[in-house]
Amino acid sequence: MKPGIRPRGGPFIPVSEITLRASRSSGPGGQHANVTASRIEAVFPVDESFALDEAQKARIIRKLGPVVTAVSQDARSQTRNRDLALERLEAKLAGALAVPRRRRATRPTRASKKRRLDSKRRHSEKKQSRRRPDSDFD
């Protein structure tokens, strides 16, 4: 069992800040599914976190909302579903905390300009060759 999660680009968040709820899983599983609470829902209230600073909290709230949840009911085991739910929560938080790189403006190269103009010229010639010939019967 994991002691917490560390989203890429963020701090370590202990499991004590994440609420883990178990419930009965839907879907196939036979008699086993009727008696075990193997579905796990990991709920992370962003505002109540001590691990995140204010800028990180604002970024997550803007992208995912004030409460981030992840659910797992893939495995038959409750502990495996717990780990899967924490991994999914970690991935969601990592995506929200990732700061996209700024785009640097570039100019098209001379060769790319030449290719574009050649293509336009060829396309224009193809269209012109399909036209009806001019009538010179004046």
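Listed here are the residues, each with its yes/no results for (1) exposed (fewer than 15 other Cβ atoms within 10 Å of the Cβ); (2) out of contact with any Phe, Trp or Tyr (no Cβ under 6 Å at 6 or more places or on another chain); (3) at pLDDT 85 or above.
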residue: Gly10; (1), (2), (3): no, yes, no
residue: Ile13; (1), (2), (3): no, yes, yes
residue: Ser16; (1), (2), (3): yes, yes, yes
residue: Arg21; (1), (2), (3): yes, yes, yes
residue: Ser25; (1), (2), (3): no, yes, no
residue: Gly29; (1), (2), (3): no, yes, no
residue: His32; (1), (2), (3): yes, yes, no
residue: Val35; (1), (2), (3): yes, yes, no
Just give me the residues in segment 57-88 being farther than 15 Å from Phe44 by Cα and of a type in the set (Ser, Thr, Tyr), in sequence order. Ser77, Thr79
Got a number for residues in segment 65-109 being closer than 25 Å to Phe12 by Cβ, of a type in the set (Val, Ile, Thr) and either in a loop (DSSP other than H, G, I, E, B) or free of Cβ contacts under 8 Å to residues at least 60 places away in the same chain (or both)? 5
Among the candidates Ser135, Ser112, Ser119, residue that is in a loop (DSSP other than H, G, I, E, B) and among the small types (Gly, Ala, Ser): Ser135
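The values are calculated or read from the model by the stated rules, or taken from the named source; none is laboratory data. Please read all numbers here as calculations on a predicted model, not as lab measurements. Note: ideal-geometry Cβ built from the backbone for every residue, glycine included; neighbour counts use all protein chains shown.
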